[in-house]
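Trainee: Take a look at this one; I'll ask things after.
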Amino acid sequence: MARPPLILSLFILPALLFIACSGAPGPEEQVQVRAFDAFQAMAHIEALTALGHRPAGWPQEREAARYVHMALLRYGYEVIELNFSFSPRVTRWAWLSVSASGEAPMRVAAMASWEGDVEGELIFSSQATTDRPFFIALVDSSEVERLETEIGRLAALGALAVVIYDHRGLVPWHLLVRKVMIAGVALPWEDAQLLLARMAEGPISVRLTFPPPAERTSTTVLGRPKGDRCRLLIGAHYDSVPLSPGANDNASGVGVVLELARVLAGSKGICFAFFGAEEEGLYGSTRLAAWMAQRGEAPEAVVVLDMVGLGDALITAGDAFLARELSQTGALVGVELSPGDLPPGTDSDHSPFLKMGIPAVLLHRPDDLSYHTPGDRKEKVQPHLLQEVGEAVLAWAKSKRPLLAPMTPGR
């Protein structure tokens with residue numbers, strides 16, 4: 001187990017001091033289940049977003065792991081860190097330079113796993129014809145119904161690559177892992193405006209440079225009652241996509257899970273997991289699921305929270321029986337959970353457990369248009385929605401009465 005650092009960043013210390021007064025229970029109150037407090041969950045969200053964006057394998061993600069580690073220690077848990085390496089698919093960068101301009105290249109987000117250099121005239125996608133092949137197309141993703149279809153059309157016309165932006169200010173990170181037949185990059189609206197200004201002056205050519213990906217490391221942090229095993233597992237991922245503070249996706253899930261860890265501290269058999277590198281392909285949850293299976297310690301049920309602080313409907317996706325169980329106990333505290341599905345091409349950290357035959361459910365609010373963008377800020381997270389999901393999961397955990405028995409003294 002990695003030892004937590006003695007010195008934390010200055011912006012983490014205030015949040016830890018805030019939660020210090022609500023640490024692990026004493027022996028005389030080990031079976032007491034406290035009330036869920038959304039404002040303590042918000043304190044965690046504020047601390048995590050203060051780190052800025054938290055791309056997998058970057059220093060900010062590591063700081064987030066340290067923060068979670070220290071909070072779990074404060075609540076009295078045994079903390080285990082599972083490190084792993086991965087080859088990045090989403091948080092990859094490329095370089096875009098205007099040919100013969102002498103200007104410094106822009107750092108942009110690389111699509112899929114393209115490598116090498118591509119150079120050609122930059123034209124608007126609407127100007128693409130078979131009469132001018134070997135071009136690079138500039139695409140406003142907000143102007144096309146299906147981006148994959150548009151990229152296919154451009155490839156058929158001879159496009160070498162696509163440069164994607166969104167004039168509404170969004171960064172289409174969710175599109176970067178799609179497999180396409182040509183090279184592609186995505187860039188923020190601010191950088192797109194610079195290119196548009198250059199194109200207004202006359203024809204330009206651009207070069208896209210895709211360096212090979214360098215392997216990175218990340219961590220899954222597991223908190224479990226000392227001397228006990230995990231029969232229930234509640235978790236959330238703590239990384240974010242680049243350029244996004246990741247308040248709703250997914251500091252909201254982390255904040256709720258940490259607050260549940262405080263509320264349920266001293267309860268037998270309930271563990272809390274915080275997954276790294278979810279945005280890169282569920283690496284952290286896959287690592288934990290495999291580790292638990294190898295040790296013969298697979299949990300009986302897994303509940304994952306992802307994007308729970310903004311939107312209307314709270315949906316359940318995954319194991320149908322466990323989803324009904326959560327809906328029934330949620331209804332007892334006035335929280336409605338509805339069965340639903342994730343958008344095509346997306347997934348979350350419940351899936352690796354499902355693939356191993358472990359009942360797992362994702363709790364998720366799908367109505368957030370600012371996720372994966374710089375607009376995913378803490379000011380948009382709504383505490384009453386955190387309270388709802390926190391009380392729903394707490395009601396489910398409390399329904400597992402045998403798991404909430406006091407731990408044997410001395411264990």
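Trainee: Consider L258 carefully, then state whether it is buried (at least 24 other Cβ atoms within 10 Å of the Cβ), hydrophobic (A, V, I, L, M, F, W, C) and assigned by TED's automatic domain parsing to the domain that holds Y67.
Mentor: Values: buried (at least 24 other Cβ atoms within 10 Å of the Cβ): yes; hydrophobic (A, V, I, L, M, F, W, C): yes; assigned by TED's automatic domain parsing to the domain that holds Y67: yes.
Spelling it out, L258 is indeed buried (at least 24 other Cβ atoms within 10 Å of the Cβ), hydrophobic (A, V, I, L, M, F, W, C) and assigned by TED's automatic domain parsing to the domain that holds Y67.
Trainee: Hey, another quick one. Starting from residues that are crowded, with 17+ Cβ neighbours inside 10 Å and aromatic (F, W, Y), keep the ones in the range 101-159 and report whichever is nearest to M181 (Cα to Cα).
Mentor: Per the criteria, the residue is W114.
Trainee: Which ones in the range 106-153 are part of a helix (DSSP H, G or I) and modelled with pLDDT under 80? Before you say what the answer is, go through the steps one by one.
Mentor: We begin by selecting, within the range 106-153, every residue part of a helix (DSSP H, G or I); these are 125-127, 141-143, 147-153.
Answer for the range 106-153, where residues must be part of a helix (DSSP H, G or I) and modelled with pLDDT under 80: L147, E148.
Trainee: Residues in the range 38-81 that are in contact (Cβ under 8 Å) with a residue 60 or more places away in the chain and assigned to a helix (DSSP H, G or I): how many?
Mentor: Qualifying residue count, the range 38-81: 22.
Trainee: Can you pull out every residue in the range 347-374 that is touching a Phe, Trp or Tyr at 6+ places or on another chain (Cβ under 8 Å) and either outside the structural domain of C230 (by TED's automatic domain parsing) or within 12 Å of G235 (Cα to Cα) (or both)?
Mentor: D349, A360
Trainee: Given (1) in a loop (DSSP other than H, G, I, E, B); (2) modelled with pLDDT of 95 or more; (3) surrounded by fewer than 18 Cβ atoms within 10 Å (Cβ to Cβ), where does A214 come up short, assuming only one miss?
Mentor: Result: A214 fails condition (2) only.
Trainee: If I filter the range 231-245 down to residues being crowded, with 24+ Cβ neighbours inside 10 Å and modelled with pLDDT of 95 or more, which single residue comes out as nearest to A109 (Cα to Cα)?
Mentor: The residue in question is D239.
Trainee: OK, next. How about the range 300-312: which of its residues are over 16 Å from T346 (Cβ atoms) and either surrounded by fewer than 23 Cβ atoms within 10 Å (Cβ to Cβ) or without any contact (Cβ under 8 Å) to a residue 12 or more places away in the chain (or both)?
Mentor: The answer is E300, A301, L310, D312.
Trainee: Among the candidates G255, G311, which residue alone is in a loop (DSSP other than H, G, I, E, B), among the small types (G, A, S) and farther than 25 Å from M356 by Cα?
Mentor: Details: G255 fails: in a loop (DSSP other than H, G, I, E, B).
Every option except G311 fails the conditions.
Trainee: Which of the residues that make up the range 314-337 are charged (D, E, K, R) and in a helix (DSSP H, G or I)? Quick ask: steps written out before the conclusion?
Mentor: Our first condition is that a residue be charged (D, E, K, R); within the range 314-337, this holds for 319, 324-325, 336.
Residues satisfying the conditions are R324, E325.
Trainee: Within the range 246-262, how many residues are of a type in the set (S, T, N, Q), in contact (Cβ under 8 Å) with a residue 60 or more places away in the chain and closer than 27 Å to A110 by Cβ?
Mentor: Qualifying residue count, the range 246-262: 1.
Trainee: What do you reckon, is R287 closer than 13 Å to F353 by Cα, out of contact with any Cys (no Cβ under 8 Å at 6 or more places or on another chain), basic (K, R) and touching a residue at least 12 places away in the same chain (Cβ under 8 Å)?
Mentor: Numbers: closer than 13 Å to F353 by Cα: yes; out of contact with any Cys (no Cβ under 8 Å at 6 or more places or on another chain): yes; basic (K, R): yes; touching a residue at least 12 places away in the same chain (Cβ under 8 Å): yes.
Taking the combined requirement at face value, the residue satisfies it.
Trainee: Of all residues in the range 216-255, which are over 19 Å from the mean Cα position of the chain (by Cα) and either at positive phi or outside the structural domain of D306 (by TED's automatic domain parsing) (or both)?
Mentor: Matches in the range 216-255: G227 only.
Trainee: So if I check each of E46, E63, E28, E81, which one is in the same structural domain as N248 (by TED's automatic domain parsing) and at pLDDT below 85? Break it down into steps so the answer makes sense when it comes.
Mentor: Working: E46 fails: at pLDDT below 85; E63 fails: at pLDDT below 85; E81 fails: at pLDDT below 85.
E28 is the lone residue from the list that is in the same structural domain as N248 (by TED's automatic domain parsing) and at pLDDT below 85.
Trainee: K378 is checked against (1) at pLDDT 95 or above; (2) touching a strand residue (DSSP E or B) at 6+ places or on another chain (Cβ under 7 Å) and fails just one. What number does that condition carry?
Mentor: Checking K378 against (1) at pLDDT 95 or above; (2) touching a strand residue (DSSP E or B) at 6+ places or on another chain (Cβ under 7 Å), the one that fails is (2).
Trainee: Let me ask something additional. Taking T329 as the residue in question, decide whether it is under 26 Å from E297 (Cβ atoms), of a type in the set (S, T, Y) and either modelled with pLDDT under 95 or out of contact with any helix residue (DSSP H, G or I) (no Cβ under 8 Å at 6 or more places or on another chain) (or both). Walk me through it before giving the result.
Mentor: On the way: under 26 Å from E297 (Cβ atoms): yes; of a type in the set (S, T, Y): yes; either modelled with pLDDT under 95 or out of contact with any helix residue (DSSP H, G or I) (no Cβ under 8 Å at 6 or more places or on another chain) (or both): no.
Taking the combined requirement at face value, the residue does not satisfy it.
Trainee: Does V241 count as among the β-branched types (V, I, T) and out of contact with any helix residue (DSSP H, G or I) (no Cβ under 6 Å at 6 or more places or on another chain)?
Mentor: Numbers: among the β-branched types (V, I, T): yes; out of contact with any helix residue (DSSP H, G or I) (no Cβ under 6 Å at 6 or more places or on another chain): no.
Considered against the rule, which asks whether it is among the β-branched types (V, I, T) and out of contact with any helix residue (DSSP H, G or I) (no Cβ under 6 Å at 6 or more places or on another chain), V241 comes out as no.
Trainee: Determine if the range 74-88 includes at least one residue that is in contact with an Asp or Glu (Cβ under 7 Å, 6 or more places away or on another chain) and buried (at least 19 other Cβ atoms within 10 Å of the Cβ). Lay out the reasoning, then the answer.
Mentor: As a first pass, look at the range 74-88 and keep what is in contact with an Asp or Glu (Cβ under 7 Å, 6 or more places away or on another chain): 85-88.
Still in the running and buried (at least 19 other Cβ atoms within 10 Å of the Cβ): 86, 88.
Scanning the range 74-88, I find at least one residue that is in contact with an Asp or Glu (Cβ under 7 Å, 6 or more places away or on another chain) and buried (at least 19 other Cβ atoms within 10 Å of the Cβ), so the answer is yes.
Trainee: Just one of (1) over 25 Å from the mean Cα position of the chain (by Cα); (2) under 27 Å from E190 (Cβ atoms) trips up V108, so point out which.
Mentor: Going through (1) over 25 Å from the mean Cα position of the chain (by Cα); (2) under 27 Å from E190 (Cβ atoms) one by one, V108 breaks only (1).
Trainee: Next question. Name the residue, out of D349, D341, that is assigned to a loop (DSSP other than H, G, I, E, B), of a type in the set (D, E) and touching a Leu at 6+ places or on another chain (Cβ under 9 Å). Before the answer, list the steps.
Mentor: Details: D341 fails: touching a Leu at 6+ places or on another chain (Cβ under 9 Å).
Selected residue: D349, the only one of D349, D341 that is assigned to a loop (DSSP other than H, G, I, E, B), of a type in the set (D, E) and touching a Leu at 6+ places or on another chain (Cβ under 9 Å).
Trainee: Taking the conditions exactly as written (among the basic types (K, R) and assigned to a loop (DSSP other than H, G, I, E, B)), does R207 satisfy them or not?
Mentor: Values: among the basic types (K, R): yes; assigned to a loop (DSSP other than H, G, I, E, B): no.
When the stated conditions are applied, R207 does not pass them.
The values are calculated or read from the model by the stated rules, or taken from the named source; none is laboratory data. The shown structure was predicted, so the numbers you read here are calculated from the model rather than taken from an experiment. Please note: Cβ atoms are built from the backbone with ideal geometry, for glycine as well, and neighbour counts cover all protein chains shown.
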